[in-house]
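Written out below as structure tokens is the structure these notes cover.
The values are calculated or read from the model by the stated rules, or taken from the named source; none is laboratory data. All values derive from a computational prediction rather than experimental measurement. Counting neighbours? That spans all protein chains shown, and the Cβs are built from the backbone with ideal geometry, glycine included.
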């Protein structure tokens, strides 16, 4: 594609400028969950707006929501060509624990081949990558073979609570043939990947109540059913010995893996040894019988306990029989599982198994269905060709274990599928201290996006 060379050569000749653009972006502490960082949220939105205007995008605007604003811009100068809605977010996670950072989280620092700082990978690095690709294609290459609408929000790290309403209110403005979601990654610097499936999420808080307050365990132990014990037994019963979830009807709607999918997932070069290392080295991996760990991590549903609380948990001893106990429970759901139906299954399990010696109540938090996209669509083929051109190897197709609510929101509200293509790495420490972006992969990502838009 010789017509792309000017755009690609421009990016290669201006890598220092593009990297500095990313550093300036990372330096803005746009933490969406903390009220004291609200001015920084606005600064980040202003920064994105400035970039979009400098690129030559049209109708650039910072658009309000009930929470943090959305930044929008468009380039609709390819009649008859596909229209792509490019999604990103400019907000980041908190930095705690601060003492574990080797350099200050909002003073982006290069060490070796990596840029360290909060948001460097998730997802300011991915934002700057696709924006740099668009800018080079528009201004220097003539390779932008599509109409583009850019939407960059500021609430992804708190679950995008206002994005659904924004999409509904601006459904006509955001009309597109498909979406490109850059909030993703690849498996290694030499192994490109396309995510074609995401698990959904159902999150709950379960309280078990016994006596009206904590009791002396010597005076009342043996006569009062301990809520902590009841909760532990309920949790223990939520899995069988084969690692399967025991909620009634939990697997009824789970879509079976096809032979083709299992064949594709076998190509994912992620060994059990590697998974164990990435998972902070537990003594042994564990999961549902009959499936590989790659399949378990992206294509099978789960039920996990995310937190427990009961009684005295301070240093030393206190002989207390707690009056209540609590568990945080999350379920990663695969396509066709309905989060509302799963909630009913959990309630049915509790009604059947909770003893009459306690009471319980369940509170539902986030609910997001899983997503599965076709890998034979024109846009996925364009992404596959772009990755193969830049990385020199055929990309693998994988299913991501986490949830990206915006993908299902865009599918449900706008009626379009997403191509999920980003360039983070598994060891980028997302949401953790010392988050990083691998710089060589970042620049390969820019070139891959240039090829992707041209391939359309």
(Q) So residue 145 passes all but one of these: (1) under 19 Å from residue 419 (Cα atoms); (2) buried (at least 19 other Cβ atoms within 10 Å of the Cβ); (3) touching a helix residue (DSSP H, G or I) at 6+ places or on another chain (Cβ under 7 Å). Which condition number does it fail? (A) (2)
Q. Given the stretch 22-128, what strands (runs of 3 or more DSSP E) lie entirely inside it while holding 3 or more residues that are in contact (Cβ under 8 Å) with a residue 24 or more places away in the chain, more than 30 Å from residue 426 (Cβ to Cβ) and in contact with a strand residue (DSSP E or B) (Cβ under 6 Å, 6 or more places away or on another chain)?
A. 70-75
Q | residue 205 being in a strand (DSSP E or B) and over 30 Å from residue 449 (Cα atoms) | A | yes
Q. When the stretch 157-192 is examined, which residues are found to be touching a helix residue (DSSP H, G or I) at 6+ places or on another chain (Cβ under 8 Å), under 26 Å from residue 81 (Cβ atoms) and not in a loop (DSSP other than H, G, I, E, B)?
A. 167, 178, 179, 180, 181
**Q.** Lone qualifier among 86, 48, 60 - being over 24 Å from the mean Cα position of the chain (by Cα) and either at pLDDT 95 or above or crowded, with 24+ Cβ neighbours inside 10 Å (or both)
**A.** 60
Q: Exactly one condition in (1) within 29 Å of residue 331 (Cβ to Cβ); (2) buried (at least 24 other Cβ atoms within 10 Å of the Cβ); (3) over 14 Å from the mean Cα position of the chain (by Cα) is not met by residue 182; state its number.
A: (3)
Q) Looking at the stretch 208-218, is at least one residue over 21 Å from the mean Cα position of the chain (by Cα), under 26 Å from residue 394 (Cα atoms) and crowded, with 18+ Cβ neighbours inside 10 Å? A) no
